[in-house]
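A.B. asks: Here you go, one structure.
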Amino acid sequence: MKIEFTPEQYETLLKSTAISSWMINAFNEGDEELNSYAELEQYILSFAKDFGKQEFVDYDAADNVYFPTRKFEDQTDIFDIISDYDNELFWDELIHRMARRDFLQEYGETGVASMAIEERIEKEAPYISKYEEIFTNQGLENIDIRP
């Protein structure tokens, strides 16, 4: 099978690969099960010159490794995309974890486990709405953690 890309599509592929590599490796360094991702990334990076994107990829002959250049990081929006994702994920996780905590305190683990999925969704929704409103209006201003 052969896949053809325009230089613009290849640049998008480079960005997608860099973003996925960032996510995969952020908390999983040294995980042998993830080697196939690193191998694919190396393969994709190895074609940079063929697409006229050699300024975005360097090669370390001593380690036989390709890596994105500083120019790639500076001239693409990958870190903006990652930052936007991290920000949205933070608020979504905070809202849902706080809501789940309150929901479990109200109904107990046994009570929640005995509910049908529709009932759980319906009864948890007000807690989610509550925290969405709080964090949308106040951010972290009123968060107080006491020992």
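The values are calculated or read from the model by the stated rules, or taken from the named source; none is laboratory data. Computed from a predicted structure; not experimentally measured. Ideal geometry is used to build each Cβ from the backbone, glycine not excepted, and the neighbour counts take in all protein chains shown. When the accessible area is computed, the model is the full protein with side chains, heavy atoms only, and any ligands, DNA or RNA have been set aside. Shrake-Rupley method; radii C 1.70, N 1.55, O 1.52, S 1.80 Å.
A.B. asks: Between Glu132 and Asp58, 0.36 nm times their residue separation minus their Cα-Cα distance comes to what?
C.D. replies: Separation in residues times 0.36 nm, less the Cα-Cα distance, equals 22.2 nm.
A.B. asks: Enumerate the calculated ³J(HN,Hα) couplings along region 7-17 in order (Karplus 6.51 cos²θ - 1.76 cosθ + 1.60, θ = phi - 60°), each rounded to whole Hz, writing x wherever the residue is Gly or Pro.
C.D. replies: x, 5, 5, 5, 4, 5, 5, 4, 5, 4, 5
A.B. asks: Identify the GluC sites (Glu not before Pro) of region 11-77 meeting these criteria: DSSP loop state and at most 14 other C-beta atoms within 10 Å of the C-beta.
C.D. replies: Within region 11-77, the qualifying GluC sites (Glu not before Pro) (loop, at most 14 other Cβ atoms within 10 Å) are Glu29.
A.B. asks: Still on this structure: Straight-line reach from Lys15: which lysines have Cα under 16 Å away, leaving out those fewer than 8 places along the same chain?
C.D. replies: Within the straight-line cut-off, Lys15 pairs with Lys49, Lys53, Lys71.
A.B. asks: For region 25-147, with all protein chains present and a 1.4 Å probe, just round the carbon and sulfur fraction of the accessible area to a whole percent.
C.D. replies: Its accessible area is 49 percent carbon and sulfur atoms.
A.B. asks: Short version: what are the Cα gyration tensor semi-axes of region 5-73, square root of 5 times each eigenvalue, largest first, in whole Å?
C.D. replies: Ellipsoid semi-axes (Å, largest first): 20, 14, 11.
A.B. asks: Over the Cα atoms of region 76-136, Rg to Rh with Kirkwood Rh, two decimal places?
C.D. replies: Answer for region 76-136: 1.15.
A.B. asks: Using modelled backbone amide H atoms (1.01 Å from N, in-plane), which distant-in-sequence or interchain residues come within less than 5 Å of Val57's amide H?
C.D. replies: Counting only residues 5 or more places away or on other chains, the set is Thr69.
A.B. asks: Return the sequence-ordered ³J(HN,Hα) values of region 117-126 in whole Hz as given by the Karplus equation 6.51 cos²θ - 1.76 cosθ + 1.60 applied to θ = phi - 60°, using x for Gly and Pro.
C.D. replies: So the Karplus estimates, Gly and Pro as x, are 4, 4, 5, 4, 4, 5, 7, 7, 3, x Hz.
A.B. asks: In region 33-78, what is the volume of the convex hull around the alpha carbon atoms, normalised per residue and reported in Å³?
C.D. replies: 83
A.B. asks: Here's something else I'd like to know. Please compute the per residue accessible area over the chain with all protein chains in place, 1.4 Å probe, rounded to a whole number of Å².
C.D. replies: I get 75 Å² per residue for this part.
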